[in-house]
Amino acid sequence: MTDPLDRALGAYYGLALGDALGMPTQSMSREDVVRCYGTLTGFVPAHPDNPISGGMPAGSVTDDTDQAVIVGRLIAEARGRIDPLRLAHELLDWEQKMKDKDSFDLLGPSTKAALDAVARGVPPHETGRTGTTNGAAMRVTPVGIACAPEPMDAFLDRVVESCQVTHDTNIGIAGAAAVAAAVSTGVSGGTLDESVAAAVNAARAGARRGHWVAGADIATRVAWAWDLVRGLPEAEALDRIVTLVGTSVASQESVPASFAVLSVADGDPWRAALLAANLGGDSDTIGAIAGAVAGSVTGLAALPTEDVQTLRTVNSLELEVLTEELLALR
Ligand SMILES: [Mg+2]
């Protein structure tokens, strides 16, 4: 039996693992992933032609990990709360630093539009009213580490704070609630099945928050995607995820796709992250979500030690102190 700190570290480093494995294949079709890389079996550098990650060395994390660390730092500093305006300014500062480095790994579509509005002086409770893509789900893992999954209303309040400025919609919040609840349940010692059940429940409750935007139901699609690929051989499962579940930045596709790769990998963090990397599409975010949920259930001890060391070295990533601070808030 692992301890809560090991499971919380498993979530944070699992997120980074899935992000870095998917970094080179993001925004590519599945056919192009196969043509360019064959089958990915570990960290590789991004092909120079990749419009987002071209030139990034093997093992590099992307905006998913960077933003999840920013959210974690804000929660730790404010002892559990997130000030949406502060988060907006931290994200804008982060993007400026990426531009200064000539990086093309910049803010996603909902986040970009919302933060441009913040910069124009629109109040933060207005800026997220159309954000439905997966930017809130990809950065929400620290909320799952810092907050117990029950009572649901209090848990969702914290999830909504992390979403509001950019993704204050039924869809954006449902996607983030699914991921946060799965991680939180894993950190509490839950099994993979219990984490997935918690994700479905939280997504259903989260969809009653925020501004309503038309779109498929995340809770229903997470449960459906989990069953759709259960027990299938990997190649067939990847094909179904690409063609039926979808791998785009839409929360309704990439959040269920993350639970589908968890299902195929039976919760193994490394296998789940690799499967995501081989999908293409928003592979880094699908891998980050799947890796975080898997790692929260198995603990850091189940992640390959050498690869975690690579993540630390390549990205100067040290999550131990922050994770302990977040866990102390539970
Ligand atoms: Mg990314």
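Among the residues in the stretch 37-54, are any touching a helix residue (DSSP H, G or I) at 6+ places or on another chain (Cβ under 8 Å) and in a helix (DSSP H, G or I)?
yes
Scanning the stretch 1-46 for residues that are over 11 Å from residue 300 (Cα atoms), out of contact with any Leu (no Cβ under 9 Å at 6 or more places or on another chain) and away from the ligand (no atom under 16 Å from the Cβ) turns up 1, 29, 31, 32, 34, 35, 36, 37, 38. The residue that is farthest from residue 15 (Cα to Cα), among those in the stretch 282-304 that are open to solvent by less than 10 Å² (accessible area, probe 1.4 Å) and aliphatic (A, V, I, L, M), is 303. Being over 19 Å from the mean Cα position of the chain (by Cα) and closer than 22 Å to residue 321 by Cβ is true of residue 77. On the basis of being of a type in the set (Gly, Ala, Ser), closer than 20 Å to residue 257 by Cβ and either at pLDDT below 95 or open to solvent by 20 Å² or more (accessible area, probe 1.4 Å) (or both), does residue 174 make the cut? No. As a summary of the residue check, residue 41 satisfies the conditions (1) more than 30 Å from residue 158 (Cβ to Cβ); (2) modelled with pLDDT under 95; (3) among the polar types (S, T, N, Q); (4) open to solvent by 60 Å² or more (accessible area, probe 1.4 Å) except for the one numbered (2). Does residue 109 satisfy being touching a residue at least 40 places away in the same chain (Cβ under 8 Å), under 23 Å from residue 210 (Cα atoms) and surrounded by fewer than 24 Cβ atoms within 10 Å (Cβ to Cβ)? In short, yes. With respect to the stated conditions, residue 197 is open to solvent by 10 Å² or more (accessible area, probe 1.4 Å), under 19 Å from residue 224 (Cβ atoms) and either in contact with an Asp or Glu (Cβ under 6 Å, 6 or more places away or on another chain) or not β-branched (Val, Ile, Thr) (or both). For the stretch 90-99, the condition holds for no residue, the condition being that it is open to solvent by less than 70 Å² (accessible area, probe 1.4 Å), modelled with pLDDT of 95 or more and of a type in the set (A, V, I, L, M).
Counting only residues that are within 23 Å of the chain's Cα centre (by Cα) and either assigned to a helix (DSSP H, G or I) or among the hydrophobic types (A, V, I, L, M, F, W, C) (or both), how many does the stretch 126-136 have? Give the steps one after another, and end with the answer.
From the stretch 126-136, those within 23 Å of the chain's Cα centre (by Cα) are 127-136; that's our starting set.
Add one more test, that the residue is either assigned to a helix (DSSP H, G or I) or among the hydrophobic types (A, V, I, L, M, F, W, C) (or both), and what stays is 127, 135-136.
Summing the residues that are within 23 Å of the chain's Cα centre (by Cα) and either assigned to a helix (DSSP H, G or I) or among the hydrophobic types (A, V, I, L, M, F, W, C) (or both) in the stretch 126-136 gives 3.
Restricting 318, 325 to residues that are in a helix (DSSP H, G or I) and among the charged types (D, E, K, R) narrows the list to 325. Consider the stretch 53-68 and keep the residues that are among the hydrophobic types (A, V, I, L, M, F, W, C) and farther than 16 Å from residue 111 by Cα. The one that is nearest to the chain's Cα centre (by Cα) is 61.
The values are calculated or read from the model by the stated rules, or taken from the named source; none is laboratory data. Since we're looking at a predicted model, the values are computed, not measured. Neighbour counts run over all protein chains shown; Cβ positions are idealised from the backbone, glycine included. Remember, those area values only see protein heavy atoms, side chains included, never the ligands or the DNA or RNA. Shrake-Rupley method; radii C 1.70, N 1.55, O 1.52, S 1.80 Å.
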